[in-house]
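Chemist: To start, I am sharing the structure in question, which I have written as structure tokens.
The values are calculated or read from the model by the stated rules, or taken from the named source; none is laboratory data. Only a predicted model underlies this, so the values are computations on that prediction, with no experimental measurement involved. Glycine also receives a Cβ, built like all others from the backbone with ideal geometry; neighbour counts cover every protein chain displayed.
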């Protein structure tokens, strides 16, 4: 598909409604897999709120026939140390346009965006049962560094990180498989102790929180 173009949403004739419709179509397979992704029912207003003030929406479309084929959102944020980083989410490719390199091209666009902005690293997350998404992240250089639990879901999520700047020893650690496995194991133990897959606290965590209070 040589006619595919990727641009920021504001530079195209597409609307938030168009993007939300694409997201619904793209994630339908997750419903069939039994994963309750919140984006399956996300509304236009909810999508706008999710993008927020720090988010940028990219879209991929066919320059020849105008079909909207893919979308993704990325954010620029600062962590607790004041380090600038990116957060990628809501990558969606229309079912008719999969395995054409759109997802990889959109990832490259987002990583280039963050490199130009000076982000030190980029984070992303996906359901621990979404095998195709996990393979996509690992194939493109992301490391699994954490386990998360979000409200109103029925699954745990892997947290991924890709290091863009590797100038210091600490930065280079996040490019090391062994180090990232250790970080993940600590995160997984902590998350499974205090959270259920749907984001609720476990009984043990509830008792601990009450005592601390």
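Chemist: Quick one: which residue in 67, 48 is in contact with a strand residue (DSSP E or B) (Cβ under 8 Å, 6 or more places away or on another chain) and either surrounded by 17 or more Cβ atoms within 10 Å (Cβ to Cβ) or touching a residue at least 12 places away in the same chain (Cβ under 8 Å) (or both)?
Modeler: On the way: 48 fails: in contact with a strand residue (DSSP E or B) (Cβ under 8 Å, 6 or more places away or on another chain).
Of 67, 48, the one residue that is in contact with a strand residue (DSSP E or B) (Cβ under 8 Å, 6 or more places away or on another chain) and either surrounded by 17 or more Cβ atoms within 10 Å (Cβ to Cβ) or touching a residue at least 12 places away in the same chain (Cβ under 8 Å) (or both) is 67.
Chemist: Tally time: how many residues in segment 82-123 are in a helix (DSSP H, G or I), under 16 Å from the mean Cα position of the chain (by Cα) and under 21 Å from residue 27 (Cβ atoms)?
Modeler: So the answer is 8.
Chemist: Still on this model: Could you list all residues from segment 31-75 that are in a helix (DSSP H, G or I) and touching a helix residue (DSSP H, G or I) at 6+ places or on another chain (Cβ under 7 Å)? Outline the logic, then answer.
Modeler: Taking segment 31-75 first, the residues in a helix (DSSP H, G or I) are 31-32, 38-40, 44-51.
Across segment 31-75, the qualifying residues are 31, 39, 40, 44, 47, 48.
Chemist: Taking residue 124 as the residue in question, decide whether it is touching a helix residue (DSSP H, G or I) at 6+ places or on another chain (Cβ under 8 Å), modelled with pLDDT of 95 or more and surrounded by 21 or more Cβ atoms within 10 Å (Cβ to Cβ).
Modeler: Judged against the criteria, residue 124 is a match.
Chemist: Hey, among the residues in segment 14-30 that are touching a strand residue (DSSP E or B) at 6+ places or on another chain (Cβ under 7 Å) and assigned to a helix (DSSP H, G or I), which one's modelled with the lowest pLDDT? Talk me through it step by step, then tell me what you get.
Modeler: Here is the first cut: in segment 14-30, the residues touching a strand residue (DSSP E or B) at 6+ places or on another chain (Cβ under 7 Å) are 14, 18-19, 22-23, 26-27.
Remaining after also requiring assigned to a helix (DSSP H, G or I): 18-19, 22-23, 26.
Working: 18: 97, 19: 98, 22: 96, 23: 95, 26: 90.
So, considering only residues that are touching a strand residue (DSSP E or B) at 6+ places or on another chain (Cβ under 7 Å) and assigned to a helix (DSSP H, G or I), the one modelled with the lowest pLDDT is 26.
Chemist: While we're here: Just name the residue that is modelled with the lowest pLDDT out of those in segment 169-191 that are surrounded by 15 or more Cβ atoms within 10 Å (Cβ to Cβ) and under 18 Å from residue 128 (Cα atoms).
Modeler: Looking at the filtered set, the residue picked out is 191.
Chemist: If I filter segment 76-103 down to residues being out of contact with any helix residue (DSSP H, G or I) (no Cβ under 8 Å at 6 or more places or on another chain), farther than 21 Å from residue 53 by Cα and free of Cβ contacts under 8 Å to residues at least 40 places away in the same chain, which single residue comes out as surrounded by the fewest Cβ atoms within 10 Å (Cβ to Cβ)?
Modeler: 99
Chemist: For the condition in contact with a strand residue (DSSP E or B) (Cβ under 7 Å, 6 or more places away or on another chain), surrounded by fewer than 18 Cβ atoms within 10 Å (Cβ to Cβ), modelled with pLDDT of 95 or more and not in a helix (DSSP H, G or I), what is the one hit in 146, 141?
Modeler: Numbers: 146 fails: surrounded by fewer than 18 Cβ atoms within 10 Å (Cβ to Cβ).
Only one candidate qualifies: 141.
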